[in-house]
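First comes the structure, then the notes that go with it.
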Amino acid sequence: MPIPRQLAVAAYAFAAGFAASVSSADFGEYRNHAIVDQSLVVETSIGELRVRAVDDAAFEVHYREDGIKQLPSFALAEVPRNVATDVRDNESQLRFRIDGLTAIVDKSPVRLRFEKDGRILVAEEHGYFAHDTLRGFRFRLDEDEKILGGGQRVMGMDRRGRRMPLYNRAHYGYETESEQMYYSLPAVLSSDKYIIAFDNSASGWLDIAATEENVLQFEAVGGRTAYIVVAGDSYPALIGNYTDATGRQPLLPRWAFGNYASRFGYRNEAETRDVVRRFERADIPLDAVVLDIYWFGPDIQGHMGNLDWDREAWPNPRDMIGDFARRGIRTVPITEPFVLTTSKRWQDAAANGVLARNATGAPKRFDFYFGNTGLIDIFDEGARQWFWHAYESLFDIGIAGTWGDLGEPEVHPPDTLHWLSDAGIEATADEVHNAYGHVWAKMVYENQTRRYPDTRPVILMRSGFLGSQRYGMVPWTGDVSRSWGGLKPQVELGLQMSLLGLAYIHSDLGGFAGGEVFDKELYIRWLQYGVFQPIYRPHAQEHIPPEPVFHDSETRSIVRDYIRLRYSLLPYIYTLAWENSTTGMPLMRPLFFEDESDPSLIDETGAYLWGDAFLVAPVTDPGVTEVDVKLPAGRWIDFFDGRVYDGGRKVSVPVSLATIPVLVRAGYFVPMAEVVNHTDDYDSENLSLHYYADETVGQSGGVMYEDDGKRRGNLDAGAFELLRFGADHDDTGSLEIELTREGGNYDGRPESRQVTIVVHNWTEPVASVEFNGRAIRVRDRIPKRGIAASYDQTARKLTVRVNWDHEPARLNINRTEP
C-alpha cells in the first residue's frame, strides 16, 4: 500500500542521519543462517545477506548492512518463480544449490562465489563495500573473458577496459563514439556465459578492468546493495534465464510492426491529414502516425505540461483519430514528465503535490531548454494517478499507443527529492535517476492494462532500467546524427540492448539530428536496414522530411518496395516477437550465437542475424558496390538474386542502390503474406512459404505463430495457432516438406489456407510433385488459380500452390534421374 510522504519523513530523516556514519570494507563474519522460502538468509557481524533463488539458474544477492538505507528492487519481475533449492553447511562455507547454479558463501569474511558444473563461474574479488557516498561490489575477471554490457554506448561490443558512467543522459547528434547515452544498463554479459545485473538505480560507474587489472567494479552514490547473477549453458539459454528473472516483453500488437509516419513534428491537424493522404496516394503501407510536441502547443518552448490539445491547431482530435482508425492508421502522441510553470497545468500540479520537491518541501523548479519547469514525481502513487488521468483522456478518444520522451530525465537536479510511496522512502534524484523511465513505463502499462484489459500496450520510451521490457517498453537509440556516422553504430546499439532484454530497441530511421541537405543514398540505406530491425519508424527534424512521400520518385520507389517487403515478412517478424515473449530471445541476434567457441565473433557489428533465418549487413558507407560479410558456417543464399555462398569465411556481396546484403540460411523456412497497406487488412489465409534448399542440409524445420494480432492474453488463453514446417532432403535429391498445425481458435483464424510453397536453390528439373499423394503437373509458368506447380530453371526456383485443410500434409518433390 502506498505510504503518504508526511507519515514517514521523520523516520526517514533519522535513518538517513544514522546511515551517514557507516563505512564498511567487507561484510563481516558469519554468525548463523536460515532458509526462508527460496532464500538463504545469513546473519553476519554487520548485517544480513540474503541469497534468493529467482530462476533455476539465477540468484538475487542482497547485502543489507545495519544502518544502510536500502531502496526497492526495480530489476526483478514481481511474480516469483518456484525454484527447488538445497543447502549444505560446513565449517568454512555454505553451499546453496539450484538446478543450474550454486552459490558458495564463505564465512570468514562473508563473500560469495558461484559454481556451475563443478567449476567456479564467477567470484566476488573483494565483494561488498559501503562508505558514506560510495557503495558497490567487486568481482574477479578471468584474463581472457570478453565483457559486454552497460547499455547504450558506442565503444565496441567488448567493453573490457572501459569505465562507464551509469547515469541516463541525452547525447544529441551522436555518431561513432559515445560513452554516455540515453539508456545505461548496470549489467554485464560475459563470454564465460554469465550475467551480473546490479539492481541499483543510483548514479554510478561500471568499471570493467579499466582501473584495476582483472577487476569488475560497480559503484554508486547510494541505492540498493544488490545484484542478480545468472548462468546459462548457451547464450540463448543465458538470456532466457535472465529474462525469467527480470521479466519478459509482452507481445506487441501486429500494427506495431508496420510503418510509422513520424517527425519533429506535425504542427496541426490539417498537416497530419495531408501526410496520411500522401501515403495513400503513393501506395505506401502505413499503420501509425506519431504526434510530437505540437499537439499541445504551437511552439517548442513554453507549453510542455499542458497535456491537452491545442484546439486552434487541432480542432477535432477525436474525429481525426477516428478517421485515421477507420483507415487502419493508429495515433501515437508524445508526452513528457515535465510541467512548465507557463503551462496550463502548473497550478494544478503544484496544488496536488505531484511534483518532485526541493529541500523545503516546495515543488522543485529549474530551467532547461523548454522553459522553467517542475518534474512529475513518478515514484509517488498520487503523482502517477494524476499523470495517468491525462493518458486516460487520450485513450478515451482513441489513441493506440504512447510515446514518452525526455525520460532520463533529461534534466534532473541532484537536490531534487522523490517520494517512493510504495516503500515509504524519500530519495534524492541521484539515488533513483536511472529508474525514472522504468517507473513511468510501469505506470502507463499497469493503468492501461487495468483500464483496457484486452488491449496490448505500445509504450515508446527513451530511457529505462533493467527489466523495463516487462512493461511493454519500446526504446529507441535517441537523437542520432543524420549522417553516415550516425548509421554506423546502430547494429552495436541494437545488439547490446537486445542481449539484456530490451529486444525492441530501434533507431530513428534516416537519422534525427542535423543534416543541411537531403542525402538520398544515406536515407535509402537507413530505411533498407530498418526492414530488419524491430520497429520501422522514420523520424527526424522537419527541415528534411523523414517520410518517403516527400522525396524524388526513385527514392520513393525503392523505399516503397522495402516497406512492402516489411509487410510481406510480417508472419516471420511476428513469429520472432512471439519467440521473444516466450523465451526472451531477441529479434536481432549477434553472430557469436553461431559459434560460441569463437570469441572473436563477439566484436562483429558489420552484420547480425534477424531471427535464425536471415543474416543482414547494413550498408553504412556511401558509394559502395560490394560489402564484405563474415559468414557463419553453412550455406547462405542471397535473398535478392539467389546466389549461393559457402559460410565459415568472409565473402564479398555485390550491392546496388536497391539492395543490401540479406542472406538466408540454407535449410530454413520464411513464411510471407500478401502485402497490405494496413495491418488491419492482414490475412494469412493466402500464405507463401519459402524454403531455401541445399543438398548440404538433410533435415530442418520451422514454425509460424499466428493469432488475431491485437488481443492481450491470447498466449495465456491458448487463442493462437502454431504452423510447423519440416523438410527432409534425402540422398537421392528428393525433398519432402511436411505441414502441421497445432493450437486453438481465435477471431479470424482461417479454416484452411492456400499455401504457395516456393523452393529456392532447386538446381535440377523435377520428375514429379505430389501433395498428399495427389500428383501435380509441373508447368513452365504457374497459372493464376488452383493447385499447380511450376519450375523456373534460370531462377532455380520451384513453386507449388496447394490447398491445405490444416490436417497433417506432405509435399513430395522428386528430381529427374540423371
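From the list 755, 802, which one is part of a strand (DSSP E or B), more than 30 Å from residue 712 (Cα to Cα) and not polar (S, T, N, Q)? Don't jump to the end; show me each part of the working.
Numbers: 755 fails: more than 30 Å from residue 712 (Cα to Cα).
Just a single option satisfies the conditions, and that option is 802.
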If we ask which residues in segment 763-788 are modelled with pLDDT of 95 or more, surrounded by 12 or more Cβ atoms within 10 Å (Cβ to Cβ) and part of a loop (DSSP other than H, G, I, E, B), their number turns out to be 3
Please go through (1) open to solvent by less than 10 Å² (accessible area, probe 1.4 Å); (2) assigned to a strand (DSSP E or B) for residue 645 and return the number of the only condition it doesn't satisfy. (1)
Options 415, 405: the member that is touching a strand residue (DSSP E or B) at 6+ places or on another chain (Cβ under 8 Å), open to solvent by 30 Å² or more (accessible area, probe 1.4 Å) and in contact (Cβ under 8 Å) with a residue 40 or more places away in the chain: 415
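Using the structure shown, decide if residue 533 is buried (at least 20 other Cβ atoms within 10 Å of the Cβ) and more than 24 Å from residue 292 (Cα to Cα). Show your work before the answer.
Details: buried (at least 20 other Cβ atoms within 10 Å of the Cβ): yes; more than 24 Å from residue 292 (Cα to Cα): no.
Here the answer is no, as residue 533 does not meet what is asked.
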Identify all residues within segment 356-390 that are assigned to a helix (DSSP H, G or I) and either touching a His at 6+ places or on another chain (Cβ under 6 Å) or surrounded by 20 or more Cβ atoms within 10 Å (Cβ to Cβ) (or both); write none if there are none. 383, 384, 386, 387
Residues in segment 481-520 that are more than 21 Å from residue 554 (Cα to Cα), in a loop (DSSP other than H, G, I, E, B), touching a Lys or Arg at 6+ places or on another chain (Cβ under 8 Å) and small (Gly, Ala, Ser): how many? 1
Could you list, in sequence order, all residues of segment 789-811 that are under 21 Å from residue 666 (Cα atoms), open to solvent by 40 Å² or more (accessible area, probe 1.4 Å) and not aliphatic (A, V, I, L, M)? 792, 793, 794, 796, 797, 810
Which condition breaks for residue 313 when tested against (1) touching a residue at least 12 places away in the same chain (Cβ under 8 Å); (2) out of contact with any Pro (no Cβ under 7 Å at 6 or more places or on another chain)? (2)
Do we have residue 74 as farther than 19 Å from residue 470 by Cα and surrounded by 18 or more Cβ atoms within 10 Å (Cβ to Cβ) here? no
What pairs can you find where one residue is in segment 668-680 and within 23 Å of residue 611 (Cα to Cα), the other is open to solvent by 50 Å² or more (accessible area, probe 1.4 Å), and their Cβ atoms are less than 6 Å apart, with a gap of 6+ or different chains? 674/686; 675/564
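Kindly provide the set of residues from segment 663-695 that are within 26 Å of residue 286 (Cα to Cα) and part of a strand (DSSP E or B), ordered by number.
Across segment 663-695, the qualifying residues are 670, 671, 672, 673, 686, 687, 688, 689, 690.
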Among residues belonging to segment 241-254 that are assigned to a helix (DSSP H, G or I) and open to solvent by 20 Å² or more (accessible area, probe 1.4 Å), point out the one that is farthest from residue 116 (Cα to Cα). 244
Return only the number of the condition from (1) in contact with a strand residue (DSSP E or B) (Cβ under 6 Å, 6 or more places away or on another chain); (2) among the aromatic types (Phe, Trp, Tyr); (3) part of a loop (DSSP other than H, G, I, E, B) that residue 74 does not satisfy. (1)
Expected output for segment 688-712 (first residue closer than 15 Å to residue 758 by Cβ and open to solvent by 30 Å² or more (accessible area, probe 1.4 Å), partner among the polar types (S, T, N, Q) and in a strand (DSSP E or B), Cβ below 7 Å, 6+ apart or cross-chain) is 688/756
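Here is a yes/no grid of residues against (1) closer than 30 Å to residue 541 by Cα; (2) at pLDDT below 95; (3) in a loop (DSSP other than H, G, I, E, B); (4) within 17 Å of the chain's Cα centre (by Cα):
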residue: 150; (1), (2), (3), (4): yes, no, no, yes
residue: 163; (1), (2), (3), (4): no, no, no, no
residue: 172; (1), (2), (3), (4): yes, no, yes, no
residue: 181; (1), (2), (3), (4): yes, no, yes, yes
residue: 187; (1), (2), (3), (4): no, no, no, yes
residue: 200; (1), (2), (3), (4): no, no, yes, no
residue: 219; (1), (2), (3), (4): no, no, no, no
residue: 228; (1), (2), (3), (4): no, no, no, no
residue: 239; (1), (2), (3), (4): no, no, no, yes
Out of the residues in segment 256-296 meeting the condition of being more than 20 Å from residue 536 (Cβ to Cβ), of a type outside the set (D, E, K, R) and part of a helix (DSSP H, G or I), tell me which one is farthest from the chain's Cα centre (by Cα). 270
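Kindly indicate whether residue 637 is in contact with a helix residue (DSSP H, G or I) (Cβ under 8 Å, 6 or more places away or on another chain), β-branched (Val, Ile, Thr) and crowded, with 19+ Cβ neighbours inside 10 Å. Don't jump to the end; show me each part of the working.
On the way: in contact with a helix residue (DSSP H, G or I) (Cβ under 8 Å, 6 or more places away or on another chain): no; β-branched (Val, Ile, Thr): yes; crowded, with 19+ Cβ neighbours inside 10 Å: yes.
For residue 637, the condition - in contact with a helix residue (DSSP H, G or I) (Cβ under 8 Å, 6 or more places away or on another chain), β-branched (Val, Ile, Thr) and crowded, with 19+ Cβ neighbours inside 10 Å - is not met.
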Output the strands (runs of 3 or more DSSP E) that fall wholly within segment 578-632 and possess 1 or more residues being without any contact (Cβ under 8 Å) to a residue 40 or more places away in the chain, or say none. 608-610, 626-631
Among the residues of segment 721-742, the number that are buried (at least 18 other Cβ atoms within 10 Å of the Cβ) and at pLDDT below 95 is 2
Looking at segment 512-529, is at least one residue on the phi > 0 side of the Ramachandran plot and of a type in the set (Gly, Ala, Ser)? yes
Can you pull out every residue in segment 498-521 that is farther than 18 Å from residue 478 by Cα, of a type in the set (A, V, I, L, M) and surrounded by fewer than 21 Cβ atoms within 10 Å (Cβ to Cβ)? 517
Looking at 475, 457, 453, which is the one that is in a loop (DSSP other than H, G, I, E, B) and surrounded by 24 or more Cβ atoms within 10 Å (Cβ to Cβ)? 457
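The values are calculated or read from the model by the stated rules, or taken from the named source; none is laboratory data. All figures in this text were calculated on a predicted structure; none of them were measured in a lab. Every residue, glycine among them, receives a Cβ derived from its backbone with ideal geometry; neighbour counts consider all protein chains shown. Note: accessible area is taken over every heavy atom of the protein model, side chains too, but ligands, DNA and RNA are not part of it. Shrake-Rupley method; radii C 1.70, N 1.55, O 1.52, S 1.80 Å.
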